[in-house]
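The values are calculated or read from the model by the stated rules, or taken from the named source; none is laboratory data. Model, not experiment: these values are computed from the prediction. When we count neighbours, we look across all protein chains shown, and the Cβ atoms used for this are built from the backbone with ideal geometry, even at glycine.
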DNA sequence: CAGTGAGCGAGCTTCCGCTTGACTT
């Protein structure tokens, strides 16, 4: 046992630091928080000044036990958790649990895992900062109160299924998506006409090249555009003025969690959870620094390392030292930016993480590289018959600088002309006459703000100071798991647009088609998400306010700096909040999310879209009517808010009988698990692209035959009487009895077809006698 | 696995932020 025990949060970090500190130090990890509020009675004694009751969660017992033992056998314990609010609290909890005195135990901090930083830290120990700890306790308790008082309100007041949830972070995330969707639904697109003229001129080599110039402004109507073209008939064009301006581009800061998620989404198409999973792998294998960070800072040693790599690869000219400042006020900067551990490693072998690593490597190096230098040329072109002018602009890259490696992506889609790369212009002279090849006025439509992607939502949350690097990915998973939000694609619709062309002094009009509104992997609110958001907005306006988190963060800061007492802050929040909760429980109506669609022509009964126990549906007639109402489920992409009466009536066409296959009826319907076909008493899920409303027998019949064959293939053996199946799955052969699966012992994996009934029964008995340990997530009994 | 949709009441759910594995059909 070494003389010193150093406790950090992450095990990968522990390994590195142990190497740096040498033999006198044992470095161990506590794996994050080791205590949390008890769940009973919220774990808070509200009437006793919000006194928290902490427990050690089951999955932390083991590590706490080990740390206790080590702490007892060592001379000195050093608390080296992260230098932020949560880290400070973890240190305090460690004191409490390990029996250390917070007023004498050594607390050390460092922002980077480098030898000088750690050695410096060890020489300057301090004590646990109780003000900061109290700020964390206030944060924790407030989140618990909000979550555990709001969620039960939803259970009581929503007429849909249970296990709904609300919280300071997730509810605002859903609100953002709901409001964006409504903005899009309400958006009225207007069209304008954009004029582009194509000229030819001789370049330096005497070669004839074509370039583009833009019209003076966008025209509101086809008539106005035509009038302009008309005025250009017979005109001569000449260069009136040329401006040449140098410009520069600057590299983006190195990655934080949020910007890494954004770029991996834009450039590699990764979901935020995939990005984090791969980054974790890179971190654990020592390839990159810590991946949950809000800091853009690079350590001194990293800067030196990067400089060397840049100079070696690209030369002195390409290096430029830069320090980046964080724009985000809520940043706590306990770590460095995300960077490669060794700048010399351009890539990694592992094919899974290769792309992400290279992205990080390029971004980090680029951040220490020289500006790109450009030359922007703008030529004004006069029209002899018209006082208006055309503008041609071109850009030439004089020095690539950081662009050699990396250019940050953008969120706006490149559907329109706006983002067209500016090409280069031929060398023009003032007064030079230009030949017009043609001039076009093209109709363009304004577009609503795009729906959020996972990554652009993270960006927005970070801007609002809501959530932390460690929670962005889990929050996005939660709102999807709760059924408030769905990630999906949307097909575009065809739209016709007009083009007026002036060519050889003649104006012609044509039409063309474009695809618009197509979106990939975007976040859509569900009806449930909208209804819950409306409800929370109505009754808990203050918590749903986009500035709520920023405001209370300010108060946490005051607690951290000793200007405010944490219990008082909580009291000021709790009293009005709890009153709202009680008022809502007492007075709010149960929410059904009902919307009137019209009247059924055949029966005169009212038709409504509303939320049922099993999701959004259409109802014809009322429950109290003599004749029972008719019900139909909405399609997955439909929404209560936007469905039309005609679309609603369409839904009543199911179930459909498609005709006969092998002398049996084939019917299609939509069930609990999506669209399916039924044939010979068996069920077959329809393929994604098959629409149960339009699918035909000749599409479904092969599916039935194919699925039957696939099932035969998976089946190795069946013991009919005992109802034991031996099946082949993606993890190898296994046993299936009813809904339960059983693993085969290793020695049976080779020849599963030789298994006997007795052997199978023995395996099952064995498994039942030694049930697999279910630890962290307790299995839910009911689906959903 | 694939019929539902009212209302009652039992017994359940739930938060955010710090960290990794265990597990999967």
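Screening the candidates A:173, A:166 for the property of being within 16 Å of DNA strand B (Cβ to nearest atom), in contact with a helix residue (DSSP H, G or I) (Cβ under 7 Å, 6 or more places away or on another chain), in contact (Cβ under 8 Å) with a residue 40 or more places away in the chain and in a helix (DSSP H, G or I) yields one hit, A:173.
Against the definition (buried (at least 20 other Cβ atoms within 10 Å of the Cβ) and out of contact with any helix residue (DSSP H, G or I) (no Cβ under 6 Å at 6 or more places or on another chain)), how does residue A:206 come out, yes or no? Give the derivation first.
Details: buried (at least 20 other Cβ atoms within 10 Å of the Cβ): no; out of contact with any helix residue (DSSP H, G or I) (no Cβ under 6 Å at 6 or more places or on another chain): yes.
No.
Only one of the listed residues (A:449, A:392, A:429, A:382) is out of contact with any strand residue (DSSP E or B) (no Cβ under 8 Å at 6 or more places or on another chain) and away from DNA strand B (no atom under 16 Å from the Cβ). That residue is A:449.
Could you say which residue among A:711, A:740, A:721, A:736 is more than 11 Å from DNA strand B (Cβ to nearest atom) and either assigned by the TED database to the domain that holds residue A:635 or more than 20 Å from residue A:662 (Cβ to Cβ) (or both)?
Details: A:711 fails: either assigned by the TED database to the domain that holds residue A:635 or more than 20 Å from residue A:662 (Cβ to Cβ) (or both); A:740 fails: more than 11 Å from DNA strand B (Cβ to nearest atom); A:736 fails: more than 11 Å from DNA strand B (Cβ to nearest atom).
Among A:711, A:740, A:721, A:736, only A:721 is more than 11 Å from DNA strand B (Cβ to nearest atom) and either assigned by the TED database to the domain that holds residue A:635 or more than 20 Å from residue A:662 (Cβ to Cβ) (or both).
The residues in the range A:478-503 that are part of a loop (DSSP other than H, G, I, E, B) and touching a residue at least 60 places away in the same chain (Cβ under 8 Å) can be counted, and the count is 2.
Of all residues being more than 11 Å from DNA strand B (Cβ to nearest atom) and part of a loop (DSSP other than H, G, I, E, B) in the range A:286-308, which is nearest to residue A:462 (Cα to Cα)? Just the residue, please. Walk me through it before giving the result.
First pass over the range A:286-308, keeping only residues more than 11 Å from DNA strand B (Cβ to nearest atom): A:286-289, A:295-308.
If we keep only those that are part of a loop (DSSP other than H, G, I, E, B) too, we end up with A:286-287, A:289, A:295-299.
On the way: A:286: 27, A:287: 26, A:289: 21, A:295: 12, A:296: 14, A:297: 17, A:298: 20, A:299: 23 Å.
The qualifying residue nearest to residue A:462 (Cα to Cα) is A:295.
Those strands (runs of 3 or more DSSP E) of the range A:576-691 in which 1 or more residues are at positive phi, near DNA strand B (Cβ under 10 Å from one of its atoms) and within 29 Å of the chain's Cα centre (by Cα) occupy A:615-620, A:674-679. Residue check: residue A:533 meets all listed conditions (1) within 21 Å of residue A:154 (Cα to Cα); (2) away from DNA strand B (no atom under 13 Å from the Cβ); (3) not in a helix (DSSP H, G or I) but one, namely (3).
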